[in-house]
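The next block holds one structure in the form of structure tokens; read it before the comments.
Bear in mind these aren't lab numbers, they're just calculated from the coordinates by the rules spelled out. It should be emphasised that the depicted structure is a prediction, and the values quoted were computed from it without experimental measurement. Neighbour counts are summed over all protein chains in view; Cβ atoms, including those assigned to glycine, are modelled from backbone coordinates with ideal geometry.
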Amino acid sequence: MANSPSSKKRARQIVRRTEVNKARRSRMRSFIRKVEEAIASGDQTAASEALRAAQPEIMRSVTKGVMHKNTASRKISRLAGRVKALAA
């Protein structure tokens, strides 16, 4: 357990930051889930619209420090490939 005043403060800050990061991660995953559901339904237009909405949200999680940039780019690339495959 934290003993010094500074370590107690850091512990409080960590709790607050964890809650914020959880909310951001959950929001991002919801956008990704909407794209995957549209892909599963086979609706190409809905999937491309969902992907267009999800891309900035995924990259926003990068700027907020929730996810690494390469991870986000990989997720976007794979989703885009799956959406594109629906058209074929």
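Alpha carbon centre of segment 1-16 versus segment 29-70: separation in Å? About 35 Å separates the Cα centre of segment 1-16 from the one of segment 29-70. Axis of helix 44-63 versus longest Cα principal axis of the chain: the two differ by about 20°, to the nearest ten degrees. Relative to the longest principal axis of the Cα atoms of the chain, the long axis of helix 69-87 makes an angle of roughly 20 degrees. For the chain, a Gaussian network of Cα nodes joined below 10 Å ranks GLN13, GLN55, GLN44 by mean-square fluctuation, and the top entry is GLN13. The lysine pair count for the chain, using Cα distances under 26 Å and pairs eight or more places apart or on different chains, is 15.
With all projection directions averaged, the alpha carbon convex hull of the chain covers 6.6 nm². Magnitude of the charge dipole for the chain, about its Cα centre and with charges confined to Cβ atoms of Lys, Arg (+1) and Asp, Glu (-1), is about 720 debye. For ALA23 and LYS64, the difference between the fully extended length at 0.36 nm per residue and the C-alpha to C-alpha distance is 13.6 nm.
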